[in-house]
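S.K.: Following this message is one structure expressed as structure tokens.
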Amino acid sequence: MRDDAALVLLSGGQDSATCLAWALARFAHVETLGFDYGQRHRAELSRRDALRAGMAGPALAEDHMLDLGVLGALSDTALTREAEIAFRADGLPTTFVPGRNLIFLGFAAALAMRRGLRHIVLGVCETDYSGYPDCRDDSIKAMQVALNLGMAARFVLHTPLMWRDKAATWQLAEELGGPALVELIRAESLSCYRGVEDAMHPWGRGCGDCPACDLRARGWRAWRGDG
Ligand code: ZN
């Protein structure tokens, strides 16, 4: 396994785009992985190529896309059906796909094993999405242990955004790549739950009123003081 090589889970949203920049600053060889599971906001996936092109360099290597349509069949949530985006009685948003990140990490580790990549980077965040139990630090640490035991490996799972809010994520992008990287992520990433990519706001693309757009807009305003 290459200790200088990483696999980044790249959905095309602000968080995973920032994680790609973070990995490119640290590792000599970086591959990317996307999942298509029939999500309503799959327009996000189409942003991946523009983000990769904008960060192209000697370290950026192969892109992989896995079809996880079976996950959509297992889920009954607002991301995969025409259901209202709201909060359930247990406090979890209806956008939650149960165990999604645990499933993603299992597939990511299998790919990383085959590709010889020791490091796996994902943009989960406990600060913004505390309602998503599979985004929590303990869940990711437990998954690292499970993957390393179950695959007799020494993967390292990196979550550079775990304790950052959206404003701090913009700050990280500026530290990593200056105004050019901020503009690339602002203009090309898509975090909207409804997948609206043709409406441009000061904070980027999106419908402007789903929870993901609201979070992104508030983070941008907190960081920039405008928008
Ligand atoms: Zn939206």
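S.K.: Roughly what would the spin-label model give for Leu102 and Glu175, points 7 Å off Cα along C-beta, in nm?
M.R.: Distance between label points: 3.2 nm.
S.K.: Extension gain Ala222-Ala61, at 0.36 nm per residue separation less the Cα-Cα distance, in nm?
M.R.: Contour length minus Cα-Cα distance gives 54.6 nm.
S.K.: Let me ask something else. Mind giving me the nanometre distance, one decimal, between the label points for Ala50 and Met162, set 7 Å out from Cα along Cα→Cβ?
M.R.: A separation of 3.2 nm, rounded to one decimal place.
S.K.: Next question. Please compute one quarter of the surface area of the Cα convex hull for the stretch 134-224 and express it in square nanometres.
M.R.: Result: a mean projected hull area of 7.2 nm².
S.K.: Val8's amide H: which non-local residues (gap 5+, or another chain) put their own amide H closer than 5 Å, with H modeled 1.01 Å from N in plane and none for Pro or chain starts?
M.R.: Result for Val8 returns Glu31, Thr32, Leu33, Val121.
Every number in this text was worked out from the coordinates using simple rules, so none of it is lab data. This one's a predicted model, so the numbers in the text were calculated from it and none came from an experiment. Don't worry about glycine lacking a Cβ; one is built from the backbone with ideal geometry, like all the others, and counts go over all protein chains shown.
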